[in-house]
Amino acid sequence: MSARPNTAVEAHAPAAPAESAAPAASAGSAESAAEPCCGAPLPVLGRDVTVPLVTGGEVAYAALDYAASAPALQRVWDDVAAYAPYYGSVHRGAGYLSQLSTDLFENSRQTVADFLGCRPGDQVVFTRSTTDSLNLLAAAVPAGCEVFVFETEHHASLLPWRDARVTCLNAPRTPQQAVQTLERALADRDPYGPALVCVTGASNVTGELWPVKELAAAAHAHGARIVLDAAQLAPHHPVDIAELDVDWVAFSGHKLYAPFGSGVLAGRADWLREAEPYLAGGGASRTVARRVDGGVDVEWHTTAARHEAGSPNVIGAYSIASACKALTEAGFEALVAREQELVAKVRAGLAEVPEVKVLSLFGDDAPRVGVISFVVEGWNSSHFAAALSAEYGIGVRDGLFCAHPLVRTLLGSAPQDPGECGAPEAEPGERSLNAIRVSFGAGTPDEHVERFVGAVAELVRDGARWTYHTQDGRCVPAV
């Protein structure tokens, strides 16, 4: 990692391109970087967007699908816009803009390292997403590695380990049971072979926080390493690699209020340094020479560049760094406190509707982030989500949330054809086939969650006001 100071947003200094990480941020950036006043949400893009309703008129869009992709912070957008005219090649050129962009890229790496509390010697590798990060790590695990995952994981954590021996553990019903289940599984493994535990920090289905520190201690006690999928944790809660004592952390920019298709894998360097490059190409190689027999000899980098072949996504990396700075400056303590107020408001509202069942592994008292999934008795989940959008201007998600085993475990169901969306998927009292997820965060206004709670109660009480049908597997309003 770069040892240079973090200068993610600085005044442009023409005489010293290598020391200036970016041109001056726009006036909007300085204003949006301020701490939220009196519990106000952080400014995000799209807060003034209106959408049409099938019943007539327009309404401000309530974006309540943060768990899929959070809106970009205004601060991030302003910082990127200020840098955009100075965009240049990274690690490639002697020109002023190339030098400035290279400095910006490497300082972004340091900003992320600071945000995650990285230890000396840890590497920060920029990737495309959490999925890409975990696939990179899967390609770097030593031969014969055993990988332990719970069935509760997102597919990004569940599926990449194709070249390893995978043990999929049953869903625990308490945090303590999660630790005990892992300890029993690790006790039965080959004590001399490499092993890796992959676990989420916060469920993308239930929002519940997992006992990461305790799981890390159990892994290390049995000679295993652990990677934390922080895709749903990092946007809502501080993540400190050293304090949690995890070996790696993976997360995505698009869930951390930063667009542009970027992600991070941060942590121990040895497996990454010893593995074949994730992609072979320029930037990953230190030297390349042709042999007399016509072959090619390559010396690969041992730094993070080893797994960052090709021209890097400097805007994506910078957007992540900007989001990290914005969340840090706003103060996670205040952000967490406000989000917990929103969680309590949503849960209290849903509890007032007997037909609604909130999905949970660890129970009502478990700590959680702003991610809540539920089913509604007598409703097809796609139908319900479509009505929330078309009649109330509320965007949520329905389905199995790329966590099929977990949702089916929570619902007690097997894969089935969901049937026509316009009719209930099950008779009252029967099992639902998929679920509805509402998710929110630092940019969510109180009015959005209040509108959502009111809309749920009204739909259950009065039914949809419009006719819906299935089109390309989705429920949509009839024209």
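For the stretch 182-195, how many residues are part of a helix (DSSP H, G or I) and either within 20 Å of Trp161 (Cα to Cα) or touching a residue at least 40 places away in the same chain (Cβ under 8 Å) (or both)?
3
Out of everything in the stretch 448-477 that is small (Gly, Ala, Ser) and surrounded by 15 or more Cβ atoms within 10 Å (Cβ to Cβ), what residue ends up being nearest to Ile394 (Cα to Cα)?
Ala455
Which residues, taken from the stretch 112-136, are among the aliphatic types (A, V, I, L, M) and over 19 Å from Gly310 (Cβ atoms)?
Val112, Ala113, Leu116, Leu134
Taking into account only those residues within the stretch 196-228 that are under 16 Å from Leu137 (Cβ atoms) and assigned to a helix (DSSP H, G or I), which is nearest to the chain's Cα centre (by Cα)?
Per the stated criteria, the residue is Ala216.
For Ala70, only one of the following conditions fails: (1) of a type outside the set (Val, Ile, Thr); (2) out of contact with any His (no Cβ under 8 Å at 6 or more places or on another chain); (3) within 25 Å of Ile372 (Cα to Cα); (4) modelled with pLDDT of 95 or more. What is its number?
(2)
How many residues, within the stretch 115-172, are aliphatic (A, V, I, L, M), under 20 Å from Thr303 (Cβ atoms) and assigned to a strand (DSSP E or B)?
The qualifying residues number 2.
Mind listing just one residue for me: the one in the stretch 241-272 that is charged (D, E, K, R) and touching a His at 6+ places or on another chain (Cβ under 9 Å) and, of those, nearest to Phe332 (Cα to Cα)?
Among those residues, the one meeting the criterion is Asp245.
Residue by residue through the stretch 129-171, note down the ones that are in contact with a Gly (Cβ under 9 Å, 6 or more places away or on another chain), of a type in the set (D, E, K, R) and crowded, with 18+ Cβ neighbours inside 10 Å.
Asp132, Glu146, listed by residue number.
Only one residue in Thr200, Thr206 is buried (at least 24 other Cβ atoms within 10 Å of the Cβ) and either touching a residue at least 60 places away in the same chain (Cβ under 8 Å) or not assigned by TED's automatic domain parsing to the domain that holds Ala323 (or both). Which one?
Every option except Thr206 fails the conditions.
With surrounded by 18 or more Cβ atoms within 10 Å (Cβ to Cβ) and either of a type in the set (A, V, I, L, M) or touching a Cys at 6+ places or on another chain (Cβ under 8 Å) (or both) as the only criterion, which of Ala309, Ala269 stands out?
Ala309
Does Leu388 count as hydrophobic (A, V, I, L, M, F, W, C), within 13 Å of Phe452 (Cα to Cα) and in the same structural domain as Gly443 (by TED's automatic domain parsing)?
yes
For Tyr96, which of the numbered conditions (1) surrounded by fewer than 17 Cβ atoms within 10 Å (Cβ to Cβ); (2) under 23 Å from the mean Cα position of the chain (by Cα); (3) aromatic (Phe, Trp, Tyr) fails to hold?
Against the list (1) surrounded by fewer than 17 Cβ atoms within 10 Å (Cβ to Cβ); (2) under 23 Å from the mean Cα position of the chain (by Cα); (3) aromatic (Phe, Trp, Tyr), Tyr96 comes up short only on (2).
What is the number of the single condition among (1) in a helix (DSSP H, G or I); (2) within 30 Å of Ile436 (Cβ to Cβ) that Thr102 does not meet?
With respect to (1) in a helix (DSSP H, G or I); (2) within 30 Å of Ile436 (Cβ to Cβ), Thr102 is out only on (2).
The values are calculated or read from the model by the stated rules, or taken from the named source; none is laboratory data. Computed from a prediction, not measured in an experiment: that's the story for all the values here. Ideal geometry is used to build each Cβ from the backbone, glycine not excepted, and the neighbour counts take in all protein chains shown.
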